[in-house]
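Chemist: After the structure tokens below, expect a handful of questions from me.
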Amino acid sequence: MIDSYKYTFGLEGQQHFMRAAIDALEPLERALKEGDWEESPESFKSNPTLYTHQSPTAFSGVEIVGGLAVFTATCFGKKVFDEFFDRLWKRPVGKCIDTLLEKLNIQDHKLLEFRDVVYFEDLNVAIVVRNLTKTQGAEIIDAQLLEAHSLAHEYLSKNGKKAPIHCHRVVEGKVDPEPQFYISIESMRNEERSRIMALRRYGDRSI
């Protein structure tokens, strides 16, 4: 049993999203505290891989709005990961996303994004699962989130660390089996924002 697992939240989007997200995250945060997770935003701000500059209007006018949840485990070993995986499964993330989709009027060309980040201290690597959807279904969302984490763990076990960030996407239920690599959460966000703005400029609505 690990002494404590840490977590923090971050939000990006326009004002109407921020208000809805704060309300939707309350049950998730309550479940984490009841499960002996430790809220520790400072421990993530001091990590250059995980730190991201919070800007409420960062994605204004862009297709994706979303939230960020960061969790940390002390080591990557299978026994520890199995316990950590069980803890991840118990979080009501899907219910949180369903609540947001109920509250928000997501336009046809937009998707709600929830970034689930797990940082392993011993490897100094973060697994990022980007869930992009506009379709409700809490149980399915949770299952796909865990599927992506399992794929990420399997890839990292077989191939080792390729970059500080290993990112897997789940786009409307389809899980990317191969990761994308980034040097930090901040660089991933900036690169994605630039890509989406370029797609909008040329009329491509694909993700």
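Chemist: Would you mind computing, in nm to one decimal, how far apart the modelled labels at residue 174 and residue 33 are, each placed 7 Å from Cα along Cα→Cβ?
Modeler: 4.0
Chemist: Ok, one more. Using a basic spin-label model with each label point 7 Å from the Cα along Cα→Cβ, how many nm lie between residue 23 and residue 9?
Modeler: Going from the residue 23 label point to the residue 9 one covers 1.3 nm.
Chemist: Give me the distance in nm between label points sitting 7 Å out from Cα along the Cα-to-Cβ direction at residue 162 and residue 193, one decimal.
Modeler: Result: 2.6 nm between the two label points.
Chemist: Applying the Karplus parametrisation 6.51 cos²θ - 1.76 cosθ + 1.60 with θ = phi - 60° to the phi angles of region 11-24, what ³J(HN,Hα) value in whole Hz is obtained for each residue in order, glycine and proline being reported as x?
Modeler: 10, 9, x, 7, 4, 5, 5, 4, 4, 5, 5, 4, 5, 5
Chemist: In addition: Could you give me the ³J(HN,Hα) list for region 156-171, computed from phi with Karplus coefficients 6.51, -1.76, 1.60 and θ = phi - 60°, whole Hz, x at Gly and Pro?
Modeler: Per residue, the Karplus-derived 3J(HN,Hα) values read 5, 5, 7, 10, x, 6, 9, 6, x, 10, 10, 10, 10, 9, 10, 10 Hz.
Chemist: Now a separate question. Compute, for residue 153, the solvent-accessible surface of its heavy atoms (probe 1.4 Å) with the complete set of protein chains present, and express it in square angstrom to the nearest 10.
Modeler: The value for residue 153 is about 20 Å².
Chemist: Karplus couplings for region 96-106 from phi (6.51 cos²θ - 1.76 cosθ + 1.60, θ = phi - 60°), rounded to Hz, Gly and Pro as x?
Modeler: 4, 5, 4, 4, 5, 5, 5, 7, 9, 9, 6
The values are calculated or read from the model by the stated rules, or taken from the named source; none is laboratory data. Because the structure is a prediction, the values reported are computed rather than measured. For neighbour counting, all protein chains shown are included, and Cβ atoms are generated from backbone atoms with ideal geometry for every residue, glycine included. For the accessible areas, the whole protein counts, side chains as well, though only heavy atoms, and no ligand, DNA or RNA atoms are used. Shrake-Rupley method; radii C 1.70, N 1.55, O 1.52, S 1.80 Å.
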